[in-house]
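The values are calculated or read from the model by the stated rules, or taken from the named source; none is laboratory data. For clarity, every value in this text was computed on a predicted model and none was experimentally measured. So basically every Cβ, Gly included, is an ideal-geometry build from the backbone, and we count neighbours across all protein chains shown. Accessible surface is based on the protein model in full, side chains and every heavy atom, while ligands, DNA and RNA are left aside. Shrake-Rupley method; radii C 1.70, N 1.55, O 1.52, S 1.80 Å.
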Amino acid sequence: MFKNSIRTRLMALVLLASVIPSAISVTFSYLYTKQSVTEQSVKQNTKLLTLGEGNLSSYFSGMNQQAMTLYSGINVPSSFYTTLLTAKNPEYLPPGTAVPDTRAVISTQLYNLFLSDRNTFQIHLYVRAAGQSNLLLGGLFRREVNGSNASAEDPEGTYRPYIEVTHMDHQYGMKSGFPNLRPGSEPVFTAHFPIYKTPSPEVLADLSIDYRLTELEEIVKSMYNSDTERLYILNEQGQALFASDPDWIGKPVAAGWSQFPGNAGSGHFTWKKDGFKGIVMYRQIEEPLFKGSIIKLVPYEDLYGDARIVTRFNTGIGVLFLLAGGISAVLISIGFTRPIKKLISFTQKVQTGQLDAHMDAEREDEFGLLTRKITGMTRTINDLILKEYKLELANKTNQLKALQAQVNPHFLYNALQSIASLSLRYNAPKVYDLIYSLGSMMRYSMNTERAQVPLRDEIEHVQNYVILQTERFGEENLYFTVDAEEEALDVVVPKMILQPIVENIFKHGFADGIQGGVISIGCALDGQGRLMLAVKDNGKGIAPQRLEEITAGLAGSGGTAHEEIGLYNVLARLRLQMGSEAQLLLRDNGGGGITVTLIIPLDG
């Protein structure tokens, strides 16, 4: 009865502890996500509308600038402006000036305008004094005298340029048609420009340019986030220059969300009428050619769809964890205290110093894992204590061996010196030279106090090495030269960088024997703060493919085989001690042998 009571209470506690926080968490998560998504959407769409408004302003400004080019050459007799001015008033021409060919001038100017924008569909020019319509469509030019201006009238009744909202194309009342070009087949919007008799407000001609919607649609596309959003570009009269709903293009938009404070340049508000529920974003456009607004409708489905999905997901996870928590409460309540008591007993043994104590892990749950971890930890502590004693003993042994290693080389070098002296006593100078060279090499290589030496010491070490090799192969079979600048000999370089290279020559270049062998070392400063060391031989050389492999290995793009480990170590020590700019280059001599060049950068 007591066990069942504890289990019931534990299950009730787990259920309450899971349900209440989960419900509160889900509710606050949904509200916060909803608010956060709304704020983020407003910020993002504000940026998009600002960018779109800038692009539209640039687009409309470019149209206006194109129309302004018609005023160029205002005082030139054969210019477009002068042609319009003298269409019915030749007295404006300077005396003795011929009347220009108005057809040629106007058609040329309209054609230039047509080519200045790839979205231009057609251009119409109505010359008021002559009652004359000029139309350029698809590269074809037509002219008629119809006595009436068929261009669209300014809706405000003023003389300022304006944009007529999207409509199907027409030919401005022109009677002469264009072959294969059917009017009313292309949706366009039109920019109307009055051409003034400057500086008076009198209008000489009316220019109308029809533009395809391609560029406008590209600009609008940059302001979309998803397919469910709707966007409208309205003029001051509420007519749609562009609308996501094609049925509203070119028509007045009378929906309530299209009305917003007139003095606000941009903003947003919520709307739940006219078949739309969501946020309405707007931004005003104030351009000489177009005054209106951009309106974007963001539905709640877009905004809160992710928030609802997250809420459902959190609710499902909460229910699953609630069930798992109830089941776990029952299982945990049955055997909760027994493993804890065993652990307490084990830790008391460890506390008294019984580090070799052991406890069997009967369970596979967290208690079993904890038991294994604790027993493993005590075993590790015991092993570490024993290992510490062994390491201390090994350290003392290594120190003793290091002292012995310091004594043996000195003894061997002193013994070689004694033998050399004895060879002089018995009149054997050649033996003395060889022993002296060997001893000098040993003293040079075993001296660990200096990591860098003057170049002259490094060359002397190589000379001693070659002396021993010359005795081995014969003086008539090996010739060794050194060509070094005096300034270069004083340069301090890393120790043991030349001898491994020369040793490689005997190992690989003269592997088949030496006859007429030549080894030369060149040392010079190149005037750019670098020391150049070149080791050259006339051995058998290296196959081109193998040379490429070794070069790649030295460059770090491939592994190093045993043949070039010595070269790799030389390069690694050069870069470690002299800088990463140090280089080791291999070059085939052509007639036999190779040249190894060391390029060592020098400080200051």
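Only one residue in V535, V482 is open to solvent by 30 Å² or more (accessible area, probe 1.4 Å), in contact with a helix residue (DSSP H, G or I) (Cβ under 7 Å, 6 or more places away or on another chain) and modelled with pLDDT of 90 or more. Which one?
Residue meeting the stated conditions: V482.
Limited to segment 242-278, what total is found for residues that are touching a Ser or Thr at 6+ places or on another chain (Cβ under 6 Å) and open to solvent by less than 40 Å² (accessible area, probe 1.4 Å)? Before the answer, list the steps.
We begin by selecting, within segment 242-278, every residue touching a Ser or Thr at 6+ places or on another chain (Cβ under 6 Å); these are 249-250.
Those still in the list that are open to solvent by less than 40 Å² (accessible area, probe 1.4 Å) too: 250.
Within segment 242-278, residues that are touching a Ser or Thr at 6+ places or on another chain (Cβ under 6 Å) and open to solvent by less than 40 Å² (accessible area, probe 1.4 Å) number 1.
Can you tell which of I542, I521, I550, I514 is modelled with pLDDT of 85 or more and in contact with a helix residue (DSSP H, G or I) (Cβ under 6 Å, 6 or more places away or on another chain)?
Among I542, I521, I550, I514, only I550 is modelled with pLDDT of 85 or more and in contact with a helix residue (DSSP H, G or I) (Cβ under 6 Å, 6 or more places away or on another chain).
Within segment 299-306, can one find any residue that is at pLDDT 75 or above, open to solvent by less than 10 Å² (accessible area, probe 1.4 Å) and outside any helix (DSSP H, G or I)?
no
Is it the case, given these coordinates, that L554 is open to solvent by 20 Å² or more (accessible area, probe 1.4 Å) and over 17 Å from V466 (Cα atoms)?
Working: open to solvent by 20 Å² or more (accessible area, probe 1.4 Å): no; over 17 Å from V466 (Cα atoms): yes.
Answer is no for this residue.
Out of the residues in segment 141-200 meeting the condition of being at pLDDT 70 or above and of a type in the set (D, E), tell me which one is nearest to F80 (Cα to Cα).
Here the answer is E144.
Whether any residue in segment 244-256 is of a type in the set (A, V, I, L, M, F, W, C), touching a helix residue (DSSP H, G or I) at 6+ places or on another chain (Cβ under 6 Å) and at pLDDT below 85 is what I want to check. Explain how you work it out, then say what you get.
Kept after step one, since they are of a type in the set (A, V, I, L, M, F, W, C), are these residues of segment 244-256: 248-249, 253-255.
Right, trim to touching a helix residue (DSSP H, G or I) at 6+ places or on another chain (Cβ under 6 Å) and you get none.
The answer is no, given that none of the residues of segment 244-256 is of a type in the set (A, V, I, L, M, F, W, C), touching a helix residue (DSSP H, G or I) at 6+ places or on another chain (Cβ under 6 Å) and at pLDDT below 85.
Please determine whether any residue of segment 127-140 is at pLDDT below 80, more than 23 Å from R212 (Cα to Cα) and open to solvent by 30 Å² or more (accessible area, probe 1.4 Å).
no
Looking at segment 497-604, what helices (runs of 4 or more DSSP H) fall wholly within it and have at least 1 residues that are over 20 Å from Q452 (Cα atoms) and touching a residue at least 24 places away in the same chain (Cβ under 8 Å)?
In segment 497-604, 499-504, 544-554 are the helices (runs of 4 or more DSSP H) which contain 1 or more residues that are over 20 Å from Q452 (Cα atoms) and touching a residue at least 24 places away in the same chain (Cβ under 8 Å).
Quickly run through segment 260-280 and pick out the residues that are at pLDDT below 80 and either among the charged types (D, E, K, R) or closer than 22 Å to S41 by Cα (or both). It would help to see each step written out before you state the result.
From segment 260-280, those at pLDDT below 80 are 260-265, 274-275; that's our starting set.
Hits for segment 260-280 are F260, P261, A264, G265, D274, G275.
In segment 194-209, which residues are closer than 21 Å to Q109 by Cα and either β-branched (V, I, T) or open to solvent by 10 Å² or more (accessible area, probe 1.4 Å) (or both)? Talk me through it step by step, then tell me what you get.
Step one: filter segment 194-209 for residues closer than 21 Å to Q109 by Cα, giving 194-198, 203-209.
Matches in segment 194-209: P194, I195, Y196, K197, T198, V203, L204, D206, I209.
Could you go through segment 446-467 and let me know if any residue there is modelled with pLDDT of 70 or more, under 60 Å from the mean Cα position of the chain (by Cα), within 30 Å of L531 (Cβ to Cβ) and loosely packed, with under 10 Cβ neighbours inside 10 Å.
Looking for residues that are modelled with pLDDT of 70 or more, under 60 Å from the mean Cα position of the chain (by Cα), within 30 Å of L531 (Cβ to Cβ) and loosely packed, with under 10 Cβ neighbours inside 10 Å, one finds at least one in segment 446-467, hence yes.
Do you know which residues across segment 214-233 are part of a loop (DSSP other than H, G, I, E, B) and open to solvent by less than 20 Å² (accessible area, probe 1.4 Å)?
M223, E229
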